[in-house]
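What follows is calculated from the coordinates using simple rules that are stated; it is not laboratory data. Computed from a predicted structure; not experimentally measured. Heads up, the Cβs are rebuilt from the backbone with ideal geometry, glycines too, and the neighbour counts pull from every protein chain shown.
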Amino acid sequence: MLAPSLSTTETIAKLNDRVRQGLDCQARIVITANLLAQVSDGTPRSQIIAQAKVLRAVRNCTFSSDSPERDLAFFEVDGKRACFKIDYYDLALEYGSDDPADASVTRRVMTIMSPQDM
């Protein structure tokens, strides 16, 4: 549980960091087919390696001041521009979350994509 003294924005940012680091087992992580095609040669082995590179880049990306919740970032993988967006849903993944700062009522979905996919 996060410290109650954190602001809502800080709490959301820390929860989003857990998703990026692969520590939120309830989160969903999706890499678009378009991005995967751009950073692999299409073979299964190449796609697995590309996914690992993409996830490493997401873990190590930096954020601008216009993303205080750390829910959107742009980065590069093998010279290809990519980005990710984290969205907040209810537990059934049907509707938006009523409280993204409360992990007990929110499921996060991180979509990693090419900027053209946005």
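A compact table of results
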| read-out | value |
| --- | --- |
| Hits among aspartates and glutamates - C-alpha to C-alpha of residue 85 under 20 Å, sequence gap 8 or more where chains match | 10, 17, 24, 66, 69, 71, 76, 94, 98, 99, 102, 117 |
| Within the chain, helix-based [θ] at 222 nm, where runs of 4 or more DSSP H residues each add -39,500 (n - 2.57), nearest 500 | -10000 deg cm²/dmol |
| For the chain, convex hull volume per residue from C-alpha positions, Å³ | 113 Å³ |
| Footprinting exposure proxy for 30, 109, 58 (fewest neighbouring C-beta atoms within 10 Å first) | 30, 109, 58 |
| Linear extension gain, residue 23 paired with residue 62, 0.36 nm per residue minus alpha-carbon span | 12.2 nm |
| Segment 24-40 - phi-based ³J(HN,Hα) in whole Hz, Karplus 6.51/-1.76/1.60, Gly and Pro as x | 9, 6, 8, 6, 10, 10, 10, 10, 5, 4, 4, 5, 4, 5, 6, 10, 9 |
